[in-house]
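Engineer: Dumping the structure here so I can ask a few things about it.
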Amino acid sequence: MADRIMKVNAFTTLDLVEGEAEGHGFDEDAYAVLNVTSPREDPDHVSLQLELDNTELEHLQPHADRVTLTAEEARTLAEDLEKHAAKVEDAGN
């Protein structure tokens, strides 16, 4: 990924996932990096970061998106992810 904005290393949550950007008049697919972090000292939030591989995009400038979550919001997201993961697994069986 050229001009990477996010730091990717051995601790990155998911360093290669399928991503999609949808906007008014365009829809693009690209590989992406997805990472979950919290500050090392005095953590007060959880960050969810996503960056699409800009070498595969025509309509978007290189960028990374970030959502800052409280501990409660992160747990709500985790519960929803677990619920939908189970649904996908059940459908595959």
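The values are calculated or read from the model by the stated rules, or taken from the named source; none is laboratory data. Keep in mind that this is a model prediction, so the values were computed, not measured. Because the Cβ atoms are built from the backbone with ideal geometry, glycine has one as well, and the counts that use them run over all protein chains shown.
Engineer: Where the second residue is part of a loop (DSSP other than H, G, I, E, B) and the first is within 14 Å of Q49 (Cα to Cα) and lies in region 1-23, which pairs have Cβ atoms under 6 Å and are six or more apart or on separate chains?
Structural biologist: Filtered contacts from region 1-23: I5/A64; M6/A64; D15/V8.
Engineer: Touching a His at 6+ places or on another chain (Cβ under 8 Å) and of a type in the set (D, E, K, R): which single residue out of E28, E73 fits that description? Full working, then the answer.
Structural biologist: Numbers: E73 fails: touching a His at 6+ places or on another chain (Cβ under 8 Å).
When all the criteria are applied, what remains is E28.
Engineer: Determine whether region 38-50 contains at least one residue that is surrounded by 13 or more Cβ atoms within 10 Å (Cβ to Cβ), in contact with an Asp or Glu (Cβ under 6 Å, 6 or more places away or on another chain), modelled with pLDDT under 95 and of a type outside the set (G, A, S).
Structural biologist: Looking through region 38-50, none of the residues is surrounded by 13 or more Cβ atoms within 10 Å (Cβ to Cβ), in contact with an Asp or Glu (Cβ under 6 Å, 6 or more places away or on another chain), modelled with pLDDT under 95 and of a type outside the set (G, A, S).
Engineer: Inside the chain, counting only strands (runs of 3 or more DSSP E) that do not spill past its ends, which hold 2 or more residues that are over 11 Å from the mean Cα position of the chain (by Cα)? Don't jump to the end; show me each part of the working.
Structural biologist: Details: elements: 14-23, 26-37, 46-52, 65-69.
Ranges flagged: 14-23, 26-37, 65-69.
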